[in-house]
Each structure stands twice: as C-alpha cells, then as structure tokens.
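Worksheet for the structure shown next.
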Amino acid sequence: MPSETRGAWIVVPAFNEAGVIGEVITALRSVFTNVVCVDDGSADGTGDIALRAGAHLVSHPVNLGQGAAIQTGVEYARSQPGAQVFATFDADGQHRVQDVVTMINRLGSGDVDIVIGTRFGAGVSRPPLLKRLVLQTAVRLSPRGRKLGLTDTNNGLRVFNKTVADGLDITMNGMSHATEFIMLIAENRWRVAEQPVEVLYTEYSSAKGQPLLNGVNIVVDGFLRGRMPR
Amino acid sequence: MNWIQGLLIASIIALVVFLLRSRRSVQSQAWVKVAFLAFMFAGVYAVLRPNDTTVVARWLGVDRGTDLMLYGLIVAFGFSTLNTYLRFKDLELRYARLARAIALDGAQQPE
C-alpha cells in the first residue's frame with residue numbers, strides 16, 4: 001500500500017444504494033484503509049452493507065441530502081487522528097478508485113489545496129450529449145467557477161487537504177452543494193486544480209442522476225446563499 | 001412613468017435589496033415586525049375610511065383606492081414569501097446540524 005493512502009479518508013455519501021454500495025466500498029477498501037460511508041437515512045440497509053464491507057458508518061437519523069452528508073463525512077474524517085487527505089466519492093459506482101489515487105498524488109505535489117475531477121479533460125471519454133449540455137450550462141452560470149478556470153463544477157470526485165477540510169462548512173443540504181463548494185474555494189482562496197477523470201455512466205447511475213430541472217434550484221440557492229447565519 | 005409606478009418599483013427593489021443584503025440579524029427582524037404593524041394599521045384605516053384610499057391613490061397617479069391596495073398587497077406578499085423562504089432555509093440548516101450531531105455521536109467503526 002503506498003504510504004500516502006494511510007492518512008487519506010474517503011467520504012462516501014449514500015442514500016438507498018444497497019444494490020451497489022457493497023462493491024463500491026470493497027473497491028475503495030482494497031486501496032484505502034479509511035473509508036467513511038454516510039448513510040443519509042436510507043431505508044434499504046445501505047448502511048449495514050457499507051459497514052460489513054469495511055467502511056466506518058455514520059448514519060443520519062433522517063434524510064438530509066447529499067450536501068449535508070458530505071459535510072457530516074468530512075467532519076467525522078477530520079476529527080480522526082492522522083487524517084491529512086480527504087476525498088469525496090459518489091456511492092453509485094460512477095467513479096473509479098484509480099482516479100482518486102491519481103488525484104491524491106496530484107495533491108501531494110503541494111502546490112494546490114484541492115483537486116476536482118473533470119469530465120472534460122484530455123484522454124477521458126465525454127459524457128452523453130444531453131448531460132454535457134447541462135454540465136456546460138452549469139459552468140457558464142457559475143462566474144466563480146469560470147474565474148477559477150474550472151470546466152466541470154458539478155463533479156462528485158474531489159480530493160483536498162486538511163486546510164480545506166477544516167474550513168469546509170456546507171450549508172446547502174441538497175444538490176446545490178457542488179456550487180457551494182466552488183463558492184467556498186473562491187471565498188477562502190484555496191488553490192484549486194482539475195484532474196480529468198473517467199465517469200462511468202452505468203444504467204444504474206443514469207437512472208439516479210439529477211433531473212435537469214434541478215438546475216433551477218441550484219441557481220436560486222446559489223443566489224440566496226450568504227444570507228444564512230453561519 | 002407616473003408616481004405609483006416609480007414608487008412601487010422602488011419599494012420592490014428596496015425590499016429585495018434589504019432582504020438579501022442584511023444578514024438575518026435581530027435588527028432586521030425587528031424591522032420586519034415594524035413593517036408588519038404599519039401594514040396592519042394601514043389595513044384597519046382603509047377598512048374604516050375606504051374613500052381616503054382613493055384620495056391617496058389619486059395623489060400617486062392611480063385611479064382607484066382598491067388598485068392601490070392591490071399593489072401594496074403584491075409588494076407585501078413578495079416580501080413575506082422571500083422572508084419565509086429564508087426562514088425555512090435557516091431552520092433546515094439548524095435541523096441538519098442537529099441531525100449531524102446525532103449521527104456523529106452514533107458513528108460505528110468496522111471490525
């Protein structure tokens with residue numbers, strides 16, 4: 001096991017993913033010692049499967065949304081002794097473990113605080129047309145993302161250091177957290193880089209994907225953010 | 001543009017800016033209450049002396065008092081909708097933090 005994976009914590013937010021969570025956790029555990037699954041109030045035993053597959057388990061008593069689950073996972077991970085590197089990884093099996101390893105190595109070079117996966121890099125296959133249009137519109141609507149030179153602001157794969165983990169305070173519980181992540185990067189002046197990653201659009205992950213209309217929620221929430229108490 | 005158009009548009013913009021710029025401080029909450037009281041008093045007055053509203057409406061370039069009241073109601077409704085939305089978001093966040101504290105308390109480690 002490479003030494004840099006020892007202080008690494010992989011945060012996997014999961015909601016009703018019983019069908020795939022076992023495989024996802026097992027694949028992560030084959031490389032990483034520390035995996036924490038945040039069961040976001042699932043009704044199908046997702047949490048138990050993740051625990052048996054070797055993940056630490058934090059269970060929300062009620063469903064709160066993916067943003068809240070990521071925050072919970074990061075809070076758990078950052079309180080663990082020796083935690084240095086943190087990653088968010090979707091539970092539906094759309095990410096590849098080897099991409100996390102590449103991103104951790106990229107972070108290890110020390111010139112950035114956070115590495116975000118992008119589906120629009122060189123050498124990776126592009127998402128289906130409709131998905132591509134939605135994602136690129138999301139980027140265009142995100143002035144901060146553009147300023148930071150990001151091409152994919154809604155990627156679930158992120159790797160970051162302790163500075164980012166300690167400063168992270170996601171207040172948007174639902175799917176708007178991806179935008180909030182970008183806002184936090186801009187506000188805190190964290191140094192950011194992108195890494196091309198392969199996203200596997202299985203039938204399962206496509207079926208669970210975000211409906212297009214949710215983009216409206218994301219834009220409005222982004223506009224109203226910052227009026228909230230911190 | 002006549003008086004009422006300018007006045008209504010300005011008040012809508014002022015409300016939106018006020019709501020979005022101010023953090024949810026004690027002061028802004030107090031102002032919300034003051035505005036609500038003023039709105040209620042104006043309502044009572046309009047009920048007692050409906051013809052006066054037409055007089056005020058004429059000053060502002062509106063034909064009828066009822067129209068003026070409708071415009072006022074639209075502004076008040078927008079204000080209260082936005083205020084409620086922000087309130088709900090605030091509660092949602094507190095609720096999430098409470099649930100998170102419970103979740104972290106009961107964290108389980110793998111064998």
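The values are calculated or read from the model by the stated rules, or taken from the named source; none is laboratory data. These numbers were taken from a predicted model, which means no experiment stands behind them. Neighbour counts are summed over all protein chains in view; Cβ atoms, including those assigned to glycine, are modelled from backbone coordinates with ideal geometry. Heads up: the accessible areas ignore ligands, DNA and RNA and are worked out on the full protein's heavy atoms, side chains in. Shrake-Rupley method; radii C 1.70, N 1.55, O 1.52, S 1.80 Å.
Filtering segment A:163-218 down to residues that are closer than 25 Å to A:Val112 by Cβ and of a type in the set (S, T, N, Q), which residue is modelled with the lowest pLDDT?
The qualifying residue modelled with the lowest pLDDT is A:Ser176.
If you take just the helices (runs of 4 or more DSSP H) that sit entirely in segment A:1-113, which of them hold at least 3 residues that are surrounded by 19 or more Cβ atoms within 10 Å (Cβ to Cβ) and of a type in the set (S, T, N, Q)?
It comes to A:66-78.
Would you mind listing the helices (runs of 4 or more DSSP H) fully within chain B where at least 2 residues are at pLDDT 85 or above and either basic (Lys, Arg) or open to solvent by less than 50 Å² (accessible area, probe 1.4 Å) (or both)?
Counting at least 2 such residues, we get B:50-60, B:65-105.
Count, please, the residues in segment B:69-111 that happen to be more than 9 Å from chain A (Cβ to nearest Cβ), of a type outside the set (A, V, I, L, M, F, W, C) and within 16 Å of the chain's Cα centre (by Cα).
Residues in segment B:69-111 being more than 9 Å from chain A (Cβ to nearest Cβ), of a type outside the set (A, V, I, L, M, F, W, C) and within 16 Å of the chain's Cα centre (by Cα): 8 in total.
Give me a count of the residues in segment A:184-199 that are open to solvent by less than 10 Å² (accessible area, probe 1.4 Å) and without any contact (Cβ under 8 Å) to a residue 60 or more places away in the chain.
Count: 1.
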